[in-house]
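The values are calculated or read from the model by the stated rules, or taken from the named source; none is laboratory data. Note that the structure is predicted; figures quoted are calculated from it, not measured. So basically every Cβ, Gly included, is an ideal-geometry build from the backbone, and we count neighbours across all protein chains shown. Just so you know, the surface numbers come from the protein's heavy atoms only, side chains and all, with ligands and any DNA or RNA stripped out. Shrake-Rupley method; radii C 1.70, N 1.55, O 1.52, S 1.80 Å.
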Amino acid sequence: MLTSVNTIYFKSDWKIPFKQSSTSSKPFYSDNATTNVTMMRQGNKLRYSENKNLRLLEIPYAGDEYSMYVILPHKRLNIKKLAELVNLEEIEVLQASASEHQVILQLPKFKIQTKIEAKQNLSGMGVNSAFTPGLGGANFNKMINQKTDFAQIYISEIHHDTCIEVGEKGTEAATATATIHYAVRAAAASREVPELVKFYADHPFIFTIVHNPSETILFTGWVSDPASLDQN
């Protein structure tokens, strides 16, 4: 049996950490239910933009090479409706047009662990021969130097594991198998922003961790119910 693993590991402190003394229990609104979560809080100058549907906030890590972008809808939506609302073009416009504002930020602490069996998903997309042994099936001869004539290499399973933990000090994240990236294009702001911004992530939101020089997304996900996540 051969195992091939592609991994990314990320750990960084926030540029300006949250004070633990400012962390407290606050309500989080999701799917017509309200639960108390561990909410971090800080007041700081951060890059922010918005349009009629979405709000975007950049939270930089130490050194400014990486940032977390939090995408929050104006209205309280469940994660399914939020995913339908968000599109790449809007996010590119919001990122490119973000500017510095005085922001009062509330962000829940959270830890997300996921494991996905990807074989079925890939097969549904038409990737079949890679999983099929025998004549007419998988053929990795140009990728793998085989030492025997009788062994045929094929993929039996693909696992995608991700763990992301966000707290007062910073973020630790690891993923295996997949990465996602796109380029951020320059665009104009679509909505005027008030001087003082209250950015309370107290309902479902999407987040991305980006390598700023290359504009590459290292991790992306969403938080719809922090109370169900490990916040220790």
Is the stretch 35-47 home to any residue that is more than 26 Å from Lys15 (Cα to Cα) and touching a helix residue (DSSP H, G or I) at 6+ places or on another chain (Cβ under 6 Å)?
yes
Filter result (open to solvent by 50 Å² or more (accessible area, probe 1.4 Å) and of a type in the set (Phe, Trp, Tyr)) within the stretch 12-37
Tyr29
Condition first: of a type outside the set (Gly, Ala, Ser) and more than 16 Å from Trp222 (Cβ to Cβ). Can you find one or more residues in the stretch 79-89 that meet it?
yes
Return a yes/no flag: does the stretch 188-201 have any residue that is open to solvent by less than 10 Å² (accessible area, probe 1.4 Å), assigned to a strand (DSSP E or B) and modelled with pLDDT of 75 or more.
yes
In the stretch 51-61, anything open to solvent by 10 Å² or more (accessible area, probe 1.4 Å) and in contact with an Asp or Glu (Cβ under 9 Å, 6 or more places away or on another chain) is listed as Asn51, Asn53
Those residues that are surrounded by fewer than 20 Cβ atoms within 10 Å (Cβ to Cβ), in contact with a Pro (Cβ under 7 Å, 6 or more places away or on another chain) and not hydrophobic (A, V, I, L, M, F, W, C), I need them from the stretch 62-80; list them, please.
Glu65, Asn78
